[in-house]
Amino acid sequence: MLRCYSRWSRRQMTSYTTAFSSKRFRHFQANSILPPLLQKCFYIGDKVAIVDENGAHTYEELASKSLELSKQMTIASKNLEGERIAFLTPNDSTYVVSNWAAWLTGGISVPLCKTHPAKELAYVLENARPKIVVTTPAHFDMMEELVKPTGAELLNITTDMECVHSDFNVGNPFRDRALIIYTSGTTGPPKGVLWSHSALKSQVDTMVQAWKWQSDDTLLHVLPLHHVHGVVNALFCPLSIGATVVMMNKFSADQVWNHFLGKVESCPDVSVFMAVPTIYAKLLEYQENNLSEMSSVIRERCGKMRLMVSGSSALPSPIFQKWEELTSHALLERYGMTEIGMALTNPYHGKRHRGSVGKPFPGVSSKIINAKNQTASSGDSAGITEHFPGEQGELLIKGPIFDEYWDNERATTNSFTEDGWFKTGDTATVENDSYRIVGRTSVDIIQSGGYKIGALKIEQYLLEHDNISEVAVLGVPDSVWGERVAAVVRLKNPAKPLSLDDVKAHCELGMPRYSVPTVLKIVDEIPKNAMGKVNKRTLVSVF
């Protein structure tokens, strides 16, 4: 049952009225009022959309629940058009219902990360200023404390919420604003990346076409739902065309292999899988330790799957090779980020080169600017032209990307060139008529487990420790994580020991787990150059 905690009296929005039948939705009075990504899935009916730990949920059931939740939202607040609606849920059907309901009111969805500490969640709530916050019983007490200072209304939903199939109103999408996803905060506090409905629809349509999505696909979802990879690629794409998503609340190598091998009762066979390189590394490790005698069965079962995608960080060549040998799948690598969604992709059909992220998607343009501020290469979905062959430089992108950083005009302006190209901050080059990402332009950005992590923010937090005098945080190469977050520390009191566990305990109080250092080196002095600066590229040698 849905419980609504609200200080507002019941008020109805004046917009277009919808009606729901227990068997089928009747036509909306103005179909265009439905957000673009819901215009097909709201009419699919009794096909299974989501399978989670609570069971199977049809498109009709999710649509009904989202309409009911949107009704409760409008009871809680007079007018939500253009307002932010935040939600913190498990990775299950309640996420979909919360997101759809926010759009149905004309609001902007703001998904929160369930693994972030309270301090990070409080920052997002303060920055986004939502009018409604939705959560589930497991998180209600924590969210109640965090929401109090914001003045937002808090709604508590469950997967078995009751729905009253009555007429009520659906709001207009406000200025085409749909979604705010927060960055990892690599160059300062996390920034809210504002996406429009039209740009999201373009992104989804492009991926559906390029990766040959089909309505009879089943995707196994193991990704976080506060990143573009998990939200747009692995959820919006399949749901937009009537496919099925099997959602795991958290990654488990054991359970993923059970799904691949068809050992999970009442679940359809998986045809699509998307993950970060770290997950593929962990799956390989689990297979070697626990399923070494099942290689032929794995190859047969996985060979029937249609598509396996890797992204969010560079895929190490050994993982690409081992995965192909084990499953027969040459992982499709692609390139994207919070601000640009998916921009580059290897081909669905054809040769996929190791370490390559391919060419631009249809509708996307790209170029590399070298150290002399010249265009070293330029490209689109038809191909890449090398003006200065072999040269590296910063990758710039144009296409259906984000609108702006929420409430941060300066950051928005600084992220684009004068002629409208988005500056990715990634160094790239061209090999085999395909882009290869060399690394982040800044050494202060670490790529670990699919996350982009800001070293400076971690350094500032570590310096609050009472026994740390100086610190340098950097990424050290790792075959599983891509890079590990490492801290080089000089102590205030060398006689008082500092362990890695001490550092972790200090950091976990105020930062996401993926930002917490997993490598620690205590030194007498941190080497610096003549200007007093730390050269992190050479500091890696201390490990």
Item checked: Members of segment 354-384 that are on the phi > 0 side of the Ramachandran plot and over 28 Å from the mean Cα position of the chain (by Cα) -> ASN373
Notebook entry, point to check: Which ones in segment 78-120 are of a type in the set (Ser, Thr, Tyr) and in contact with a strand residue (DSSP E or B) (Cβ under 6 Å, 6 or more places away or on another chain)?
Noted result: SER93, SER98, SER109
Next item on the list: Have a look at SER310, SER378 and point out the one that is assigned by TED's automatic domain parsing to the domain that holds GLU404, among the hydroxyl-bearing types (Ser, Thr, Tyr), out of contact with any Cys (no Cβ under 8 Å at 6 or more places or on another chain) and surrounded by fewer than 21 Cβ atoms within 10 Å (Cβ to Cβ).
Entry: SER378
Checklist line | Positions within segment 178-196 being at pLDDT 95 or above and either in contact with an Asp or Glu (Cβ under 8 Å, 6 or more places away or on another chain) or in the same structural domain as GLU126 (by TED's automatic domain parsing) (or both), in sequence order | finding: GLY192, VAL193, LEU194, TRP195, SER196
Note to self: Please list, ordered by residue number, the strands (runs of 3 or more DSSP E) wholly in segment 461-543 having 1 or more residues that are among the polar types (S, T, N, Q).
What the structure shows: 468-478
Margin query: Please go through (1) farther than 24 Å from TRP406 by Cβ; (2) surrounded by fewer than 20 Cβ atoms within 10 Å (Cβ to Cβ); (3) modelled with pLDDT of 95 or more for LYS201 and return the number of the only condition it doesn't satisfy.
Written below: (1)
Check: Taking the stated definitions as given, is LEU331 modelled with pLDDT of 95 or more, under 30 Å from PRO360 (Cα atoms) and surrounded by 15 or more Cβ atoms within 10 Å (Cβ to Cβ)?
Finding: yes
Check: Residues of segment 216-247 being in contact with a Ser or Thr (Cβ under 9 Å, 6 or more places away or on another chain) and polar (S, T, N, Q), which ones?
Finding: THR218, THR244
Check: For segment 52-61, which residues satisfy the criterion of being in a helix (DSSP H, G or I) and either buried (at least 21 other Cβ atoms within 10 Å of the Cβ) or not assigned by TED's automatic domain parsing to the domain that holds THR158 (or both)?
Finding: TYR59, GLU60
Notebook entry, point to check: Out of curiosity, is ASP466 buried (at least 17 other Cβ atoms within 10 Å of the Cβ) and of a type in the set (Asp, Glu)?
Noted result: no
Notebook entry, point to check: Is at least one residue of segment 431-444 in the same structural domain as VAL228 (by TED's automatic domain parsing), under 19 Å from ASN346 (Cα atoms), part of a loop (DSSP other than H, G, I, E, B) and more than 23 Å from the chain's Cα centre (by Cα)?
Noted result: yes
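The values are calculated or read from the model by the stated rules, or taken from the named source; none is laboratory data. It should be emphasised that the depicted structure is a prediction, and the values quoted were computed from it without experimental measurement. So basically every Cβ, Gly included, is an ideal-geometry build from the backbone, and we count neighbours across all protein chains shown.
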